[in-house]
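Colleague: My questions will all concern the structure given below.
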Amino acid sequence: MAACYNKIQIRTQEIFSMAYSELMIRPMREELTRIGVEEMRTPEQVDETLTKTDGTVMVVVNSICGCAAGKARPGIARALQHSVKPDKVATVFAGADIEATDKARSYFTGYAPSSPSIALLKDGKLVYMMERRQIEGKDASQVANELIQAFDQHCVKSEATSN
């Protein structure tokens, strides 16, 4: 009986750790990469981006869900048109970049795993977080406006936009 239980337990872990099909999520990835968001697919890429970037980094935990499609990604695209924005914008995909997503979430101290979610780090420290529960009740314009407020508060206006 114990051997049977162990096989079931192992199979359950395998099922829950399976990643989404790349073919299925490619358009969702491209919605962000098309606007200049850099993908982080490995824990090493996450560490490199978050520890070696001076200034501000926005990290998007992308997701397959409807609130990512209708609210988060369009809101991010609008917010990134603002004159003040993070020095770097990067993304991991929950359910696909599993280890990279876990590594990114390790930087979001004090927040439960949530996708989609949007974090803003300044010099490697978390300064702003928008969790799924805060995205669900908003439309894309409201998400954009809230991000713009965070950019204005935590990001430095670039030389090109201040002239």
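No value in this document is a laboratory result; all are computed from the given coordinates. Just so it is clear, the structure is predicted and the values come from calculations on it, not from any experiment. Heads up, the Cβs are rebuilt from the backbone with ideal geometry, glycines too, and the neighbour counts pull from every protein chain shown.
Colleague: Under 5 Å between amide H atoms, partner at least 5 residues away or on a different chain: which partners does Tyr128 have, H built in plane at 1.01 Å?
Modeller: The answer is Leu120.
Colleague: Which ³J(HN,Hα) values, rounded to whole Hz and listed in residue order, are derived for region 141-155 from phi using the Karplus coefficients 6.51, -1.76 and 1.60 in 6.51 cos²θ - 1.76 cosθ + 1.60 with θ = phi - 60°, glycine and proline given as x?
Modeller: Result, ordered by residue: 5, 5, 4, 4, 4, 5, 5, 4, 4, 5, 4, 4, 7, 10, 9 Hz.
Colleague: Between Leu126 and Leu23, what is the label-point separation in nm under the 7 Å Cα-to-beta-carbon projection?
Modeller: 3.7 nm
Colleague: Per residue of region 109-118, in order, report the coupling 6.51 cos²θ - 1.76 cosθ + 1.60 (Karplus, θ = phi - 60°) as ³J(HN,Hα) in whole Hz, putting x for Gly and Pro.
Modeller: Running phi through 6.51 cos²θ - 1.76 cosθ + 1.60 with θ = phi - 60° gives 3, x, 10, 6, x, 8, 9, x, 7, 9 Hz.
Colleague: Just checking my list (1) 65, 31, 30; (2) 41, 35, 28; (3) 72, 32, 28 against Cα extents along the principal axes in Å computed from this structure; which label fits?
Modeller: Answer label, from the structure shown: (3).
Colleague: Relative to the Cα centre, what is the charge dipole magnitude of region 21-158, using +1 at the beta carbon of each Lys and Arg, -1 at the beta carbon of each Asp and Glu, and rounding to the nearest 20 debye?
Modeller: Charge dipole, region 21-158, about its Cα centre: 360 debye, nearest 20.
Colleague: Which whole-Hz couplings ³J(HN,Hα) result when phi for each residue of region 19-36 is put into the Karplus expression 6.51 cos²θ - 1.76 cosθ + 1.60, θ = phi - 60°, listed in order with x for Gly and Pro?
Modeller: 8, 5, 5, 4, 4, 6, 9, 3, x, 6, 5, 5, 4, 8, 5, 4, 9, x
Colleague: Oh, and also: Rounded, prolate or oblate: pick one for region 45-98, where a ≥ b ≥ c are the square roots of the eigenvalues of its C-alpha gyration tensor, a/c under 1.5 means rounded, and failing that, prolate if a/b is larger than b/c, else oblate.
Modeller: Cα axes put region 45-98 in the oblate bin.
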